[in-house]
Every structure is written in C-alpha cells, then in structure tokens.
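A.B. asks: Take a look at this one; I'll ask things after.
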Amino acid sequence: LGSMQISRSKPCSCPSFKLREVASMYFTMIAVFLVILVVALQGSAPRGSDFPYKVPLDPQGLLELSWNVSYPEQAVNFQLLIRDLQFGLLFGMSDRGEFENADLAVLWSDGHNSYFGDAWSDSKGQLHMDSQQDYQLLGARRAPEGLYLLFRRAFSTCDPKDYLIEDGTVHLIYGILEKPVHSLQAINISAIHGGLQRVQLLKPNITIPELPSDMKTMEIRAPDIVIPSQETTYWCYMVELPEGFPKHHIIMYEPVITAGNEALVHHMEVFQCAAEFDSFPPYNGPCDSKMKPDRLNYCRHVLAAWAMGAQAFYYPEEAGLAFGGPGSSRYLRLEIHYHNPLVVKGRRDSSGIRLYYTATLRRHDAGIMELGLVYTPVMAIPPGEDAFALTGYCTDKCTQLALPAAGIRIFASQLHTHLAGRKVVTVLSRDGRERQVVNSDGHYSPHFQEIRMLKEVVAVFPGDELITTCTYNTQNRSQVTVGGFSILEEMCVNYVHYYPQTQLELCKSAVDPGYLHRYFNLVNRFNDEEVCMCPQVSVPQQFDSVPWNTFNRDVLKSLYGFAPISMHCNKSSAVRFPVGTASLPRLPSKTPSCR
C-alpha cells in the first residue's frame, strides 16, 4: 500500500472523518478488543489484476467488491471500493443474507474519529465487537473513484461467532451508515440502508488451457432492449445460426455486459432448441409473456450459463461442447434475468454471452447429464418443514449399462431446485463407500444458479453410483409441495458437464408409485381424516388431503428412506436403458481419510 503506515504501538489522534486524511492505529477498548482506526490515503487504485473476481454489491453500484483466493494460506483477500463514503458501512456474511446472526466487518465514524473492527450480530440484530478479530485490515487508499478498503479473512477461524467460508454460494450483506454513530453498539441495523449479494467466493484455481489459432467468436446479445421498470424480469430473445452452419466445438464463453448495467444483469443463459423442429418463430420479449410462442419451451439444452460474479468458463483442452452440423438445431434462445430493485426506468441493454468456438474439433465432445429426481409429484415435501431432504439416485445398474469401460470425467456442474431448495449435494459412491463429493452447496439459493467448474475432475466408472440430495424449507407454506415443472413445485437436479459424451442424458429416480399408494392406505388406516383413494384422483390431490401431523410426516420420510425406486436411465432419444425398478441403494459410508 505504498507509503501508508499502520502504527501498532500507541494510540494517536485522528482528524475529521470527512477530511478523509491518513490515520490508522490500534487501540485497546475496555474488553481488550483490537480496533483499527482508518481514514483514506490519497493515491492510485490497487491493480485490478491482483483481484480477479468482481461484483457490485448494491443496485446503484456505489459498493464494488473484488477479491482473490489464497488456497495455500486458506484465506480470502477482499478489496471494497466505496464510491460515496458517508459515515461508514457494514460488510459481512450470513446463512441466508440476514442481518441477524451475521459475521461482519464494520467501518464507522462518530463524526470525529473513524474505526474498523470485526463484529457479529445476535438474533435480535444487536451488534457486538468480536473478542477474536479475524477480519484483518490490510490498508485503505483514496483514489479518484472512491475509497479502497483492503482486508482479509481466513476460510475457517475456529470462532463460533464467525461464518465458515466454504465451497458454494456465500450470501454477502452490506449496510451503509448515513449518520455518525458514537459506538458500534449504537448502530441500529433495522434503520440502515442495506442489502445482499450472492457469490461463489472460493473460485477453483484452474489452469486456463491454450486457445487454438482458428478460434472464432459469436455474441448472443439482447438487441438494445429497454429493461422493464419492475424488480424482476426474465427476457427471452431468439437467435438463428446461419444455414448450413457446420459442427464446431465451443471451447470458452464469457459475459458481455452493457456498461452501467453491471448491477442489473443478474444472470444469463443460452439454450439450444430441440432438433426435432425444423424452425422456431422469432421472439424478443419477457419470457413469461402470453405473446411468447409455446414452441420456445422446447429450447432447453444449455449451451452457456453465467451468473453475477462468475468469470469466463473454459472447457478442458481435450473436450468442447458441440453445436452446429447434422442433428443440431440452428435456433438458440438467450434468457437474461434482470434484477432491478430500484425500478430504474428507460435503461437500455445489449448484454449477452460471447461464445468462443473452433472448427478444429477436440478429441471429445462434451456432454451434459441430468442427475437427481424425476419431475414427478410422487416426491413431495410436507408444509412447515425446516429441512426436509429428498434423494435421487443414478444407480450402479445404469452406469454399468451406459458408461464406457474407461468411464467419464465430470469437470463442471450446475445445481438446480425451485424456490424451496436450501442445500444440494452430489456424491460419488463406489462399492458402497462415498469416494468423492462431486459438487456441494450448503447455502444454495434458487436465485443464484451458475455452471461451476470443479476444483478437480471427477472420474466416474461403470458400476459407480451418483447420489444427489436436496434439502428444502417449506416453513412459509401451508400446502404440500410436490415435484414438477411449476415454480411452486419442486425439482432436485444436478446438470453435470463431462466428457466423452455418451448416450446417457438422464440418470434419475423417484419412489416406486406402488409404495406411495401403500403410504396413502396407511394414512387412511391411522388417521381420522380420510385420504381420497379414488382412481381418478391425482397424486397431488391425494397429498393435499393428508393431515400433516407428526406421524404422517415421519412415515413419509421413512418411505423415501427405504422404499424401492423407479429408475430413469434415459438416452438422448428419451429411450430408456433397461434398468426398471430397483431396491434403494444403501447410503454410502464415508471413506476414512488419513491424517
């Protein structure tokens, strides 16, 4: 940080916070808490290359977070740009983006002196200085664009008040102090302007493969649309590839965001349409509009997916995602999620995704396989559940039939549920033992879904099992939630990206329907209220008539834990490999690790 000096010996006086002149020190408070006094230093901005990951925290773009990850030191280094500093801010992490029970770094001013410290909030939102100061201030620097605050935090601190930084989604929270406060405890969380941002902090440290000399680019972008003045919009735009476009491999893609819209473009996906249709109608408008042609619902094969905070996506040097050529649709659908909480009007946008592709085909076509649960109402979550788990299986019988002897290599993964999803994990099991976690997100949010490159490639061989468990929260629902396609129904999916491509496109399960029928019979026998068992009554209707007492909840949980499963081991043609019904695989025991 150049000429900035941090005194570590004795307290010193500090000029007015508004002057933002240099002053930094440690001093001891009553409970021997260490607090750093900081105001800004005039100078140039830190190098952007030192902090490769970047995301706007607030919709106005006044707070911009950049970071890097040091795996050798097991720490994250943060750089927070504050464009319009008033009397301080809160930055931190919590389980779901709440300001209660949060782990916070706080910069605050009493109008004369300015302070930085590690704090935590209790269940009522009251702030407390942490006795263990784990947000380590590295420095502060004033630049023309604002104040840069640099600090670091270890992944794990062994402090029960601190957030454990893990793989997967992290809910970052921020709050802006608009008035001076005389102490940390005087900060009223409920009165401050704040919000949350979801990111994947622990990015994988992958080697970027060398790109070929004949590489070309194609931009799939919105055609200068006006972003609707509402909080949430999903915008769809159809694109047509040139006629006779031959087979290519996509080897990389990256976002293209219209300047000034970085805080509005939440995530984007490019889908390829089904090859069974010769043509698709043009469309440019909201995805939920009644004017959208129904045929666009057949554009669901993901070619690229990006979410805020993600960087460029690279395919391994031995594989690429095929598009173009015989048997491949020429029609693509761009879908952009705009998050506009300030209801900004008249903002134009041409954001999208830039595909990098080559006619020099790599050794393997990459494939995408669906793991998890079949979209069926036989898998259900009772209302009022805090953490109800459902598990889908890709069984050893399916992988034995469908995978090549040399196996496949999974290099990326996209987890997916609807609104009740809270956790998702896929594990690889071999010979009844858990061998490897394929992908896990203990703070999963359905509002933040991206294709994530794995830290290490996962090898899957014939006879292996891939087990996907989703955990749901239905505490705010009074009716049962069944599996299905509607946003108020649920899904449990892991789209794994792998090579070499095989015929296996879907490897999922659901409880055997016959055993579910036995469950409804049992409910009728032991409850006063009758569940209608008429043949014409659908499974969702039968679930709706279940009285959700403790007994009925526990029995359903047990049913999903022991009943045989119906396996869907499907080829891309939707024809199934002959696996049928199977007994429930035993949940794998973890392979002990050597210490």
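A.B. asks: Under 17 Å from E465 (Cα atoms), assigned by the TED database to the domain that holds E489 and aromatic (F, W, Y): which single residue out of F551, F577, F543 fits that description?
C.D. replies: Details: F551 fails: under 17 Å from E465 (Cα atoms); F543 fails: under 17 Å from E465 (Cα atoms).
After ruling out the rest, the residue left standing is F577.
A.B. asks: For the stretch 168-192, enumerate the residues that are part of a loop (DSSP other than H, G, I, E, B), small (G, A, S) and within 32 Å of the chain's Cα centre (by Cα).
C.D. replies: Applying the first criterion (part of a loop (DSSP other than H, G, I, E, B)) to the stretch 168-192 yields 168, 177-183, 187-188, 192.
Subset that is small (G, A, S): 168, 183.
If the condition is that a residue be part of a loop (DSSP other than H, G, I, E, B), small (G, A, S) and within 32 Å of the chain's Cα centre (by Cα), then G168 is the only one that fits.
A.B. asks: Then there is this: Only one residue in T258, T233, T217, T207 is over 26 Å from H416 (Cβ atoms) and assigned to a strand (DSSP E or B), so which one is that?
C.D. replies: On the way: T258 fails: assigned to a strand (DSSP E or B); T233 fails: over 26 Å from H416 (Cβ atoms); T207 fails: assigned to a strand (DSSP E or B).
Every option except T217 fails the conditions.
A.B. asks: Among the listed residues V458, V427, which satisfies the condition of being open to solvent by less than 10 Å² (accessible area, probe 1.4 Å) and in contact with a Lys or Arg (Cβ under 9 Å, 6 or more places away or on another chain)? Working first, answer last.
C.D. replies: Details: V427 fails: open to solvent by less than 10 Å² (accessible area, probe 1.4 Å).
After applying the criteria, what remains is V458.
A.B. asks: If you don't mind, there's one more thing I want to ask. Among the residues in the stretch 64-71, are any modelled with pLDDT of 95 or more, open to solvent by less than 10 Å² (accessible area, probe 1.4 Å) and within 15 Å of I192 (Cβ to Cβ)?
C.D. replies: Within the stretch 64-71 (the criterion being modelled with pLDDT of 95 or more, open to solvent by less than 10 Å² (accessible area, probe 1.4 Å) and within 15 Å of I192 (Cβ to Cβ)), the answer is no, since none of the residues qualifies.
A.B. asks: Select from the stretch 243-262 the residues that are open to solvent by less than 20 Å² (accessible area, probe 1.4 Å) and either within 18 Å of P223 (Cα to Cα) or modelled with pLDDT under 90 (or both) and list them in ascending order. Explain how you work it out, then say what you get.
C.D. replies: Applying the first criterion (open to solvent by less than 20 Å² (accessible area, probe 1.4 Å)) to the stretch 243-262 yields 248-253, 256, 261.
Scanning the stretch 243-262 gives V256, N261.
A.B. asks: Which of the residues belonging to the stretch 358-383 are open to solvent by less than 20 Å² (accessible area, probe 1.4 Å) and part of a strand (DSSP E or B)?
C.D. replies: Looking only at the stretch 358-383, we keep the residues that are open to solvent by less than 20 Å² (accessible area, probe 1.4 Å), and these are 358, 366-367, 369, 371-373, 378-383.
If the condition is that a residue be open to solvent by less than 20 Å² (accessible area, probe 1.4 Å) and part of a strand (DSSP E or B), then T358, G367, M369, L371, G372, L373, A380, I381 are the ones that fit.
A.B. asks: Considering only residues that are among the hydroxyl-bearing types (S, T, Y), surrounded by fewer than 17 Cβ atoms within 10 Å (Cβ to Cβ) and not in a loop (DSSP other than H, G, I, E, B), which ones fall in the stretch 126-161? Please lay out each step first, then the result.
C.D. replies: To start, the set of residues in the stretch 126-161 that are among the hydroxyl-bearing types (S, T, Y) comprises 131, 135, 148, 156-157.
Applying the additional criterion that residues be surrounded by fewer than 17 Cβ atoms within 10 Å (Cβ to Cβ) yields 131, 156.
None; the set is empty.
A.B. asks: Restricting attention to the stretch 384-424, which residues are open to solvent by less than 10 Å² (accessible area, probe 1.4 Å) and on the phi > 0 side of the Ramachandran plot?
C.D. replies: The answer is G407, and nothing else.
A.B. asks: Residues in the stretch 497-510 that are open to solvent by 10 Å² or more (accessible area, probe 1.4 Å) and among the charged types (D, E, K, R): how many?
C.D. replies: Of the residues in the stretch 497-510, 1 are open to solvent by 10 Å² or more (accessible area, probe 1.4 Å) and among the charged types (D, E, K, R).
Residue-by-condition table, conditions (1) among the β-branched types (V, I, T); (2) open to solvent by less than 40 Å² (accessible area, probe 1.4 Å); (3) farther than 23 Å from W108 by Cβ:
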position: E178; (1), (2), (3): no, no, no
position: Q185; (1), (2), (3): no, no, no
position: L201; (1), (2), (3): no, yes, yes
position: P223; (1), (2), (3): no, no, yes
position: I227; (1), (2), (3): yes, yes, yes
position: T232; (1), (2), (3): yes, no, yes
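A.B. asks: Pull up the stretch 511-540, narrow it to residues that are in a loop (DSSP other than H, G, I, E, B) and open to solvent by less than 40 Å² (accessible area, probe 1.4 Å), then point me to the one that is modelled with the lowest pLDDT. Give the steps one after another, and end with the answer.
C.D. replies: Let us first name the residues in the stretch 511-540 that are in a loop (DSSP other than H, G, I, E, B), namely 512, 527-538.
Then keep just the ones that are open to solvent by less than 40 Å² (accessible area, probe 1.4 Å); that gives 512, 527, 531, 537.
Numbers: D512: 93, N527: 73, V531: 65, V537: 82.
Taking the candidates together, the pick is V531.
A.B. asks: Are there any pairs, at least 6 apart or on different chains, whose C-beta atoms fall under 7 Å, with the first in the stretch 263-282 and of a type in the set (D, E) and the second open to solvent by less than 50 Å² (accessible area, probe 1.4 Å) and in a strand (DSSP E or B), and if so, which?
C.D. replies: Close Cβ pairs satisfying both conditions: E269/V302; E269/A304; E269/A305; E269/E335.
A.B. asks: Of all residues in the stretch 300-340, count the ones that are in a loop (DSSP other than H, G, I, E, B), in contact (Cβ under 8 Å) with a residue 40 or more places away in the chain and more than 26 Å from F51 (Cα to Cα).
C.D. replies: Residues of the stretch 300-340 that are in a loop (DSSP other than H, G, I, E, B), as a first pass: 300, 308-312, 315-318, 324-330, 340.
Retained after the next criterion (residues that are in contact (Cβ under 8 Å) with a residue 40 or more places away in the chain): 308-312, 315-318, 324-330, 340.
From what's left, more than 26 Å from F51 (Cα to Cα): 318, 324-330, 340.
Selection size over the stretch 300-340: 9.
A.B. asks: Quick check: anything in the stretch 116-125 open to solvent by 10 Å² or more (accessible area, probe 1.4 Å) and within 27 Å of T258 (Cβ to Cβ)?
C.D. replies: Among the residues of the stretch 116-125, not one is open to solvent by 10 Å² or more (accessible area, probe 1.4 Å) and within 27 Å of T258 (Cβ to Cβ), which makes the answer no.
A.B. asks: When the residues of the stretch 461-481 are narrowed to those that are assigned to a strand (DSSP E or B) and open to solvent by less than 10 Å² (accessible area, probe 1.4 Å), which ends up nearest to P404 (Cα to Cα)?
C.D. replies: Per the stated criteria, the residue is L466.
The values are calculated or read from the model by the stated rules, or taken from the named source; none is laboratory data. Because the structure is predicted, anything quoted here is derived from the model rather than measured. Positions of Cβ are backbone-derived with ideal geometry, glycine not excepted, and every protein chain shown enters the neighbour counts. We work out accessible area using only protein heavy atoms, side chains counted, and drop any ligands, DNA or RNA first. Shrake-Rupley method; radii C 1.70, N 1.55, O 1.52, S 1.80 Å.
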